[in-house]
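The values are calculated or read from the model by the stated rules, or taken from the named source; none is laboratory data. Small disclaimer: the values here were computed from a predicted structure and weren't measured. Here the Cβ positions follow ideal geometry from the backbone for every residue, glycine too, while neighbour counts run over all protein chains shown.
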């Protein structure tokens, strides 16, 4: 009986699942809000620097793609990013009402001949390398892109 | 935001123009790098060394401007090389398959020996 006392839910500060929802405008300056949100969750969960940075680069790529190419009307738009973290895994969901874009279908970046080094699809190519899983669906006239990054906690709280 | 800061430090070593990038190069700051490098090329610099040793973070936006600047340099009969491509930054170059797209030297000293 005694050995069970410590097991009560709520009596131990387990690293709980963390989540945040961030709505940003279609301006590149807004990307910093996403970095801040991801860094905060990463710090709370103790995600090591390398996987956290890789996920941040991937999020930057997808979100800047939405900002740069999602709308061609020059108007102000908003879209939503949800970051959910739990032990061993962070999931980032980007939902936008912009032009349909399936990152899984983006053409691979190809070697460019000398003198023409401007790669197409480089950012999306990198995303595929940076995350463990990339899901996409078009629902209700919106793009829903979900990236999943696994990590091995280093057992210390990461600053 | 302090974490979005980019600083660009420029200096000369002999005939080589050194551009040291520190902090973050992302979608918001990449254009500053391109403007800086384009200015050097159009000013007639013939050897430009971009030192990435102080970079904490970069996205594909950084690769894009470095690729564009490399092309501009070639058209201007100039050489553009990178040095101190290390750690996380090097891994991102590998993931993008970009190590072969640039002239990359190890340390700044090695690069200067090659470019001078």
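General observations
- Residue B:26 farther than 22 Å from residue B:77 by Cα, within 14 Å of chain A (Cβ to nearest Cβ) and at pLDDT 95 or above: no
- Of all residues making up the range A:114-135, the number that are crowded, with 17+ Cβ neighbours inside 10 Å and modelled with pLDDT of 95 or more: 2
- For the range B:96-108, a residue qualifies if it is in contact (Cβ under 8 Å) with a residue 24 or more places away in the chain and within 11 Å of chain A (Cβ to nearest Cβ), and the qualifying residues are B:96, B:98, B:101, B:102.
- All positions within the range A:38-52 that are away from chain B (no Cβ under 12 Å) and part of a helix (DSSP H, G or I): A:41, A:42, A:43, A:44, A:45
Yes or no, residue by residue, for (1) crowded, with 20+ Cβ neighbours inside 10 Å; (2) within 12 Å of the chain's Cα centre (by Cα):
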position	(1), (2)
B:37	yes, yes
B:45	yes, no
B:85	yes, yes
B:88	no, no
B:100	no, no
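- Test: residue in the range A:15-28 that is modelled with pLDDT under 95, within 14 Å of chain B (Cβ to nearest Cβ) and either part of a helix (DSSP H, G or I) or surrounded by 14 or more Cβ atoms within 10 Å (Cβ to Cβ) (or both): yes
- Of the residues screened, residue B:82 is one that is assigned to a strand (DSSP E or B), in contact with a helix residue (DSSP H, G or I) (Cβ under 9 Å, 6 or more places away or on another chain) and within 20 Å of residue B:15 (Cβ to Cβ).
Residue-wise test of (1) away from chain A (no Cβ under 14 Å); (2) part of a strand (DSSP E or B); (3) at pLDDT below 95.
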position: B:22; (1), (2), (3): yes, yes, no
position: B:37; (1), (2), (3): no, no, no
position: B:51; (1), (2), (3): yes, yes, no
position: B:56; (1), (2), (3): no, yes, yes
position: B:94; (1), (2), (3): no, no, yes
position: B:110; (1), (2), (3): yes, no, no
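- Residue in the range B:3-12 that is without any contact (Cβ under 8 Å) to a residue 12 or more places away in the chain and either surrounded by fewer than 21 Cβ atoms within 10 Å (Cβ to Cβ) or within 20 Å of residue A:64 (Cα to Cα) (or both) present: yes
- Subset of the range B:24-35 (residues that are outside any helix (DSSP H, G or I) and either over 11 Å from the mean Cα position of the chain (by Cα) or surrounded by fewer than 16 Cβ atoms within 10 Å (Cβ to Cβ) (or both)): B:24, B:26, B:27, B:28, B:29
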